[in-house]
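Presented below is the structure to which this report refers.
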Amino acid sequence: EKGGWSSFMAKEVSEQPDAVANTLRGRIADGHVVVPELSAFGDDVLAGIRRIVIIACGTAAYAGQVAKYAIEKWAQVPVDVELSHEFRYRDPVLSDDTLVVSISQSGETMDTLMAVKYAMSLGAKAISICNTQGATIPRESDAVIYTHAGPEVAVASTKAFVAQITALYLFALHLARVRGSLTEAEQAAQVAELQAIPAKIETVLQVEDEVRQLARWMSDTRAVLFLGRHVGFPIALEGALKLKELAYIHAEGFAAGELKHGPIALIEPGQPVFVVVPSPRGSAHLHPKVVSNIQEIRARGARVIAIAEVGDAAVLPFADTVIRIPLAAPLFEPLLAVVPLQIFAMELAIAKGLDVDQPRNLAKSVTVE
Ligand code: F6R
């Protein structure tokens, strides 16, 4: 079943262009998105939504954090992203104009299932983003948008993550259309960005050898930090999660702007720090801020690995290693920047002789609280 691959994870990482392409298939016509699954709600209901609450755990929650930026920008609806297990045990204020969007690869995560049921009992409408046909969470929800990543076998989620972001972006664009918050031309521009992603991920996958080298050099590293800003922040969190679960290395992700509020105290000579750098073109206001963060940590001896757009020369004087990703509009960068981080965690685990498909203490589907 692994084909020629050394692990399911390696296979699934390489399948990410297809995971995105298959999730888009049949859902785009004439430059706009068509999500028939959402007809479970009338357009008037979707137009009247006042608030969205995204519920998920782990990697799925990071997909939700990425999507928050897109939904708020395109559909102009406020979005909160909540961990299922936290949501369930407080007293959330919900009403029938709240839409709950759950995200789950397996569709069986108990915490997420119970959170969805709880939200529905309080009157919220529920949409499931799910990778497993006929699973419990989509069955319990009012509507489902399936991600078509194909079966994900490795415990660490990879291709499901990019498919989740893709499905959430389709949802966001559908919502923007019924709410009239984007012009036809703006919708078409986002759709074109989405359609270009599979080929760009294919390009990013070529960093594999370079990242493997890096992982080998770093195989005795004891802690790794990840910095990102805007949509790069949840990617920093995801990079850290991958490294913890696969390579058993202490890893933490931070919002780059938070550095001076505490985390910079962790920087000592030789400390590896991955920095997800926003595009100098697309995020002209944020790019210099992140470059100056890099200078600050470099001045304190950090070993900087920058994930930066092709052609971004500003990072060169300060980064020890630069991993390049193709140009994309800012909201689409996460779909590219996450790939080297997945490969890094996988290769570091391999360099340490660990089982990348079955990390210790973890199960693929968490069906208990
Ligand atoms: C991380 C990972 C977990 C899952 C989380 C949610 O690589 O696999 O963090 O993302 O347990 O699982 P699902 O998406 O099945 O609800």
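Side notes on the structure shown:
- Contact order for the chain, expressed relative to its length and based on alpha carbon pairs under 8 Å spaced 6+ residues apart, stands at 20 percent.
- Segment residue 133-residue 216, length gained on full extension (0.36 nm per residue, minus Cα span): 26.0 nm
- Percentage, to the nearest whole number, of Cα pairs in segment 1-82 over 14 Å apart: 76
- Förster-model FRET efficiency, 51 Å R0, residue 184 and residue 117, C-beta, rounded to 0.05: 0.85
- Long-range HN-HN contacts of residue 55 with modeled amide H, under 5 Å: 82, 101, 102, 103
- GNM result for the chain, Cα springs below 10 Å: residue of 223, 56, 160 fluctuating most strongly: 223
- Taking 289, 242 and ordering them by how much accessible surface each has at a 1.4 Å probe, largest first, produces 289, 242.
- Out-of-range pairs (alpha-carbon distance over 24 Å; input 200/244; 68/352; 11/352): 200/244; 68/352
- Segment 9-116, accessible surface, carbon-and-sulfur percent (1.4 angstrom probe): 48
- Stokes-Einstein diffusion of the chain at 10 °C, 1.306 mPa s viscosity, Kirkwood radius from Cα pairs, rounded to a whole number: 77 µm²/s.
- Tilt relative to the chain, helix 334-351 - C-alpha long axis, 0 to 90 degrees, to 10: 50
- Check: segment 195-338 dipole with +1 on Lys, Arg Cβ and -1 on Asp, Glu Cβ, in debye: 240
- 244, 73, ranked by accessible area, largest first (probe 1.4 Å): 73, 244
- Theoretical FRET efficiency, 1/(1+(r/R0)^6), r = Cβ-Cβ of residue 258 and residue 30, R0 35 Å, to 0.05: 0.25
- Computed over the alpha-carbon atoms, segment 243-369 gives an Rg to Rh ratio of 1.01, Rh here being the Kirkwood radius from the mean inverse distance.
- A crude spin-label estimate for the pair residue 96 and residue 367, with each label 7 Å from Cα along the Cβ direction, gives 3.5 nm.
- Note that segment 9-23 has calculated 3J(HN,Hα) couplings of 4, 4, 5, 5, 4, 6, 7, 5, x, 5, 4, 6, 4, 5, 6 Hz, one per residue in order, obtained from phi through the Karplus relation 6.51 cos²θ - 1.76 cosθ + 1.60 (θ = phi - 60°); glycine and proline are x.
- R0 of 30 Å, Cβ-Cβ distance residue 89-residue 153: FRET efficiency to nearest 0.05: 0.45
- Scalar couplings 3J(HN,Hα) for segment 38-49, obtained by applying the Karplus form with A = 6.51, B = -1.76, C = 1.60 to θ = phi - 60°, are 7, 6, 4, 10, x, 4, 5, 5, 5, 5, x, 5 Hz; x denotes Gly and Pro.
- A convex hull fitted around the alpha carbon atoms of segment 188-229 yields 84 Å³ per residue.
- Here the Karplus curve 6.51 cos²θ - 1.76 cosθ + 1.60, taken at θ = phi - 60°, turns the phi angles of segment 168-176 into couplings of 5, 5, 4, 4, 4, 6, 4, 4, 4 Hz, with x standing for Gly and Pro.
- Taking the inverse of the mean 1/r over every pair of distinct Cα atoms in segment 1-158 gives a Kirkwood hydrodynamic radius of 16.4 Å.
- Long-range HN-HN contacts of residue 227 with modeled amide H, under 5 Å: 254, 274, 275, 276
- Modelled spin-label separation between residue 320 and residue 265, with each label point placed 7 Å from Cα along the Cα-to-Cβ direction: 2.4 nm.
The values are calculated or read from the model by the stated rules, or taken from the named source; none is laboratory data. Treat the numbers as computed from the prediction; the structure is a model and nothing was measured. All Cβ positions, even for glycine, are placed from backbone atoms using ideal geometry, and neighbour counts span all protein chains on display. Ligands, DNA and RNA are stripped out before the accessible areas are found, and what is left, the full protein with its side chains, is counted by its heavy atoms. Shrake-Rupley method; radii C 1.70, N 1.55, O 1.52, S 1.80 Å.
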